Each structure stands twice: as structure tokens, then as C-alpha cells.
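Visitor: Handing you a structure now.
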Amino acid sequence: MVNVFTEIIINKPIEIVADYATNPDNAPEWYVNINSAQWKTPKPLTIGSRVAFVAHFLGRKLEYTYGIIEFIPRHKLVMKTVDGPFPMETTYTWTAIDEKSTKITLRNKGIPTGFSKFFAPLMATMMRKANKKDLLNLKKILEEKG
């Protein structure tokens, strides 16, 4: 089982942080390993939406599609792979610290299958490192915007 939890405080209001982070079109800008995101269902994001991503992780090209299984705008987003190399669930939550800062948490959990299950401990370590970079990128992008 891979279960990675990361969080950061961003000095921007919750609506700015959550709205930016829940838009899949922004993912390639702040996610280190994501190269592209393609909507498979009509916009806007809602329960049942599907988005395909192309990423590079551990030297491999990964193509996977997430389905949105829970969405409470500006509070929580849960998405689960419906197609991809192994089952994964990603959860984002946002908490307003005050009117000018937001805590975002990012959790990835899944059970690698086949050959990838032998690399689960390495995958967890690498995912944690990538997630920290991603959240730092998100913080930098949003805090530098006017």
C-alpha cells in the first residue's frame, strides 16, 4: 500500500487556492511530473468528471484517467483512477487558516499491482518528494500572483 500525505500553508485566500488547484488545466503548471491534462467529459469539474493525464514518474511515461468521486468546492476533492498503471486515489482538502491564508493537504493512496508492487516503498518515497515539490510550486505560483 502506498499512502502519502503532504500539506502546506499558502498565503492566499481559500477561494484562490482551491479554485486554482481544482482546475485540471492548471495541473501541468504546478505539478512537477504532469505534462498534460485532457478533459474527457464537459467542463466544469463535478462528480463524475473524467480527466486524462500524461506524466513522467521514475523515468517512465504514465498515462492515466481520474474520475471525480467527491467534490465539495473549496473544501474537498477526491479523484480515483479509472484507467492507469495502478489504482490510485488522490484527495485534496482546503482549510482557511484566516481570510488571507489556506492550508492545503494532498493525499495519494493506492495499491500497486503487477511488477510495480515490488517498488511500492520506493514509489512512496518518490511520491512524497514530488508532492512536496508540487505544493511548493503551487505556493510560489499563487503567492507571486498579484
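Visitor: Would you kindly identify the strands (runs of 3 or more DSSP E) lying entirely within the stretch 45-146 that contain at least 2 residues that are more than 23 Å from Val32 (Cβ to Cβ) and either in contact with a helix residue (DSSP H, G or I) (Cβ under 9 Å, 6 or more places away or on another chain) or without any contact (Cβ under 8 Å) to a residue 12 or more places away in the chain (or both)?
Guide: 88-98
Visitor: If you don't mind, there's one more thing I want to ask. Tell me, which residue of the stretch 32-73 that is modelled with pLDDT under 95 and among the aromatic types (Phe, Trp, Tyr) is farthest from Leu135 (Cα to Cα)?
Guide: Tyr64
Visitor: Would you tally the residues in the stretch 12-30 being touching a residue at least 40 places away in the same chain (Cβ under 8 Å), farther than 20 Å from Glu70 by Cβ and surrounded by 14 or more Cβ atoms within 10 Å (Cβ to Cβ)?
Guide: Of the residues in the stretch 12-30, 4 are touching a residue at least 40 places away in the same chain (Cβ under 8 Å), farther than 20 Å from Glu70 by Cβ and surrounded by 14 or more Cβ atoms within 10 Å (Cβ to Cβ).
Visitor: Take Pro28 and tell me if it is of a type outside the set (D, E, K, R), outside any strand (DSSP E or B), modelled with pLDDT of 95 or more and under 13 Å from the mean Cα position of the chain (by Cα).
Guide: So Pro28 passes the test.
Visitor: Here is a follow-up. Taking Lys12, is it outside any strand (DSSP E or B), among the basic types (Lys, Arg) and over 13 Å from the mean Cα position of the chain (by Cα)?
Guide: Values: outside any strand (DSSP E or B): yes; among the basic types (Lys, Arg): yes; over 13 Å from the mean Cα position of the chain (by Cα): yes.
Against the criterion (outside any strand (DSSP E or B), among the basic types (Lys, Arg) and over 13 Å from the mean Cα position of the chain (by Cα)), Lys12 qualifies.
The values are calculated or read from the model by the stated rules, or taken from the named source; none is laboratory data. Please read these numbers as outputs of a predicted model, since none were measured by experiment. Please note: Cβ atoms are built from the backbone with ideal geometry, for glycine as well, and neighbour counts cover all protein chains shown.
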